[in-house]
Amino acid sequence: MSIVPSPDYSLLFFSFFQNLFCIIALTPSPLSLSLSQQKPNSVFLLQSMKQLRSLFFYPVLPCRTVNTSLFSVNQTEPKPNFILNCVKHTQSLSVHSVVSQREVHTVALLVSDHEEPAKRSEVQSAVPLRSDGKRENELQERLILLTEKLYKAGIQLVSDKPGPGQYVHLECSQCLEGGSKVKSLFLHIHSKGHSAVWKCFRSQCGWAGYVQAYASKVSTETRASKVNVEVVKQPRKITEEELKLEPLCNELLLFFKTRGISGETLRRNRVMQKPTKRGTAIAFLYQRDGTIVNCKYRQLPKIFWQEAGTEKILYGLDDIKNKCDIIIVEGEIDKLSMEEAGFDNCVSVPDGAPPCISKKEIPTENEDTKYQYLWNCKEYLKSASRIILATDADGPGQALAEELARRLGKERCWRVKWPMKNDDEVFKDANEVLFYSGKEALREAVENAEMYPIRGLFKFNDFFQDIDKFYNGNVIDLGISTGWEGLDKYYKVMPGELTVVSGVPNSGKSEWIDALMVNLNRSIGWKFVLCSMENMVRDHARKLLEKHLRKPFFDLGYGEDMKRMSREELEQGKKWLNDSFYLIRCEDDSLPSVKWVLQLAKAAVMRHGVRGLVIDPYNELDHQRPPNQTETEYVSQILTQIKRFAQHHSCHVWFVAHPRQLQNWNGGAPSLYDISGSAHFINKCDNGIVIHRNLDPKVGPIDGVTVHVRKVRNKVIGRIGDSQLTYDRVTGEYSDYHEQ
């Protein structure tokens with residue numbers, strides 16, 4: 001291409017040529033412009049340069065759009081009046097260039113409808129339309145607008161996707177995938193280019209929003225605002241003629257007959273067939289108000305598929321309209337079987353059963369894609385006062401029943417227990433019962449459906465076995481002996497209870513609990529887990545070994561009658577310690593919290609069969625309560641947690657709590673109400689005990705210990721009273737006190 005400008009305009013034409021050359025280099029189609037016949041003046045060229053800069057050097061968008069040029073794609077020769085038309089129609093025609101990977105795509109944006117008809121017709125005559133017609137141009141116009149708005153919102157598209165009606169995963173510009181290279185941004189463009197929606201599915205981000213082609217507003221939200229972005233996609237409409245369905249052939253009619261399903265039931269439910277490349281398939285029509293919404297296919301080998309892009313609803317939906325009682329089964333043939341047994345108020349789920357019960361919370365309506373058919377049919381389901389779940393008897397079938405009950409409300413759900421097929425197994429589903437046992441057996445199974453169990457809600461017959469054991473006087477149910485006859489009249493150990501133990505310092509609270517554990521281990525083999533923060537492990541081990549072996553750990557000159565334990569006895573004692581006790585201890589200098597202690601205690605119960613937990617003492621725990629919570633409320637909360645742990649795991653808990661500093665103390669035993677922190681220690685506990693050691697020889701023996709039982713909730717196992725014990729300083733043992 002050669003340009004021969006006049007000397008006065010050489011510099012201006014050089015600049016014009018330089019800009020035009022950039023366009024030519026980036027355009028996928030060959031473009032040659034000849035300006036040798038043009039004789040523009042300086043004003044015209046200056047306007048041309050400004051227009052070309054504004055039109056072709058629009059801010060670069062790294063996106064792909066539909067290529068709609070102002071010239072034919074296959075045309076190698078330029079239109080002679082190309083530049084003149086661009087300048088002439090600047091006010092009525094907007095040409096945007098989108099540059100990506102060395103490609104320039106241009107699109108003609110027609111003037112708005114409110115402009116003059118003459119101008120509009122002039123523009124349309126100046127811009128050649130594609131052979132696809134006006135509708136294609138309008139689609140391309142919307143795509144260009146969406147592309148620009150997405151770019152401004154921070155979404156950069158790659159060069160080859162997405163197209164209208166498609167989905168694509170991109171990198172999220174807001175979170176950059178947390179430093180990973182996972183494409184977490186989900187983008188969808190409407191099939192007609194009207195809008196685009198996106199959402200980042202990283203839990204820490206959740207950036208979402210939407211844009212519309214002809215609206216100026218761009219809506220974006222982050223996870224903090226809990227936005228729900230709904231991909232607007234209209235379900236596909238289908239007809240019987242479009243699907244090319246046929247009446248059932250004799251072979252398929254025979255198949256259903258062998259399953260106990262009559263031709264009349266098949267005709268009523270419009271069960272048909274469809275020829276496919278893989279053979280003839282059964283077609284189950286999903287209808288709402290008599291209109292086909294979806295179609296599910298099944299080949300006789302269990303191969304299933306559905307029509308793509310259709311709405312998910314329940315099979316047989318019209319049969320439950322305005323019904324108070326409805327039945328939900330797992331498959332279409334089960335629904336037909338129910339109808340054979342006389343139940344015309346039955347529907348089937350379209351997608352079968354999940355492999356297991358989800359541990360997550362129920363998603364919102366827009367996000368609950370797996371069970372979207374329930375939300376699509378909620379108007380039909382909300383009027384039902386009783387929903388009978390007759391899913392399969394296998395694991396996935398029971399998981400489906402649980403997921404349905406969670407969404408429909410367990411309070412109005414019932415479940416069918418299928419009868420026994422033989423001595424070892426039950427029938428799998430409704431069709432098996434119909435096939436092997438007949439209509440009456442299937443009807444009886446449905447009529448005997450039971451209320452769906454609700455966690456935490458029971459009837460007394462759920463506990464009749466325990467009540468019978470209690471009546472028969474089981475040893476554990478009547479309380480376990482402490483090992484001291486005098487104390488058993490007032491206090492026995494009951495699994496699943498909480499005993500709060502208090503007393504002034506050096507009164508022997510920990511020593512008494514150690515002795516009680518040794519007695520329980522010796523009599524019934526209980527194991528214990530110890531969270532004792534005031535004792536070093538070696539000192540605690542010494543105290544327990546002395547009580548177990550009834551010999552001192554060290555030789556402190558007690559005489560020939562009381563020698564220290566031998567090395568062989570020590571080894572035996574160490575094995576006993578290791579088999580009978582487990583320790584909860586912080587491995588650093590931090591304090592344990594009640595929640596942390598109970599988690600480890602639960603592990604000890606589940607792994608090692610522990611039956612007793614000792615938390616000694618309360619003031620050595622980490623107590624970080626919220627600033628708006630009083631100490632009384634906090635104590636009530638942690639004692640409730642401990643009681644629930646004890647009851648749920650049938651584990652007795654001893655909780656040591658020191659009394660507050662006593663004013664004008666006279667040496668007597670404190671009250672449970674003197675415990676530092678709150679009166680809830682006595683209000684919440686099942687048993688309350690105060691251990692008091694006599695330190696005054698004028699009152700009684702120095703080694704005398706009184707166990708003050710100040711609260712017993714269960715009158716069957718004890719009552720309020722005092723028991724005298726004698727403490728052996730050499731071995732640490734306690735024994736019943738007998739006057740000499």
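Bear in mind these aren't lab numbers, they're just calculated from the coordinates by the rules spelled out. Bear in mind that the values here come from a model prediction, so they are computed numbers and not experimental data. Please note: Cβ atoms are built from the backbone with ideal geometry, for glycine as well, and neighbour counts cover all protein chains shown.
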Can you run phi through the Karplus equation (6.51, -1.76, 1.60; θ = phi - 60°) for region 500-513 and list ³J(HN,Hα) in whole Hz, with x for Gly and Pro? 8, 10, 9, x, 5, x, 6, 8, x, 4, 5, 4, 5, 5
Past the 19 Å Cα-Cα mark, which pairs from LYS237/LYS321; LYS428/LYS459; LYS199/LYS359; LYS382/LYS459; LYS551/LYS575; LYS323/LYS370? LYS237/LYS321; LYS428/LYS459; LYS199/LYS359; LYS382/LYS459; LYS323/LYS370
Do you know the relative contact order of region 358-422, to the nearest whole percent, from alpha carbon pairs under 8 angstrom that are 6+ apart? 34 percent
Label point distance in nm, TYR167-SER191, each placed 7 Å from Cα along Cα→Cβ: 1.5 nm
Protection-proxy order for peptides 258-264, 273-279, each taking the mean of Cβ atoms within 10 Å per residue, highest first: 258-264, 273-279
Using alpha-carbon pairs under 8 Å, 6+ residues apart, how would you state the relative contact order of region 328-392 in percent? 42 percent
Paramagnetic reach from LEU583 in region 606-633 [backbone N under 16 Å; point 7 Å along Cα→Cβ]: 614-617
Once the Cβ-Cβ distance between ASP622 and CYS356 is put in as r, and R0 is 35 Å, what FRET efficiency do you end up with, to the nearest 0.05? 0.40
Just how far, in whole angstrom, is region 521-540 from region 383-415 if you go by their alpha carbon centroids? 47 Å
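Kindly put MET536, MET272 in sequence by how many other C-beta atoms sit within 10 Å of each C-beta, fewest to most.
MET536, MET272
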Spacing of the two label points (7 Å from each Cα toward its C-beta) at PHE458 and THR364, in nm: 3.8 nm
Subtract the Cα-Cα distance of ARG259 and LEU591 from 0.36 nm times their separation in residues, and report this length gain in nm to one decimal. 112.8 nm
Simple SL model, points at 7 angstrom along Cα→Cβ for GLU246 and HIS648; separation in nm is 6.1 nm
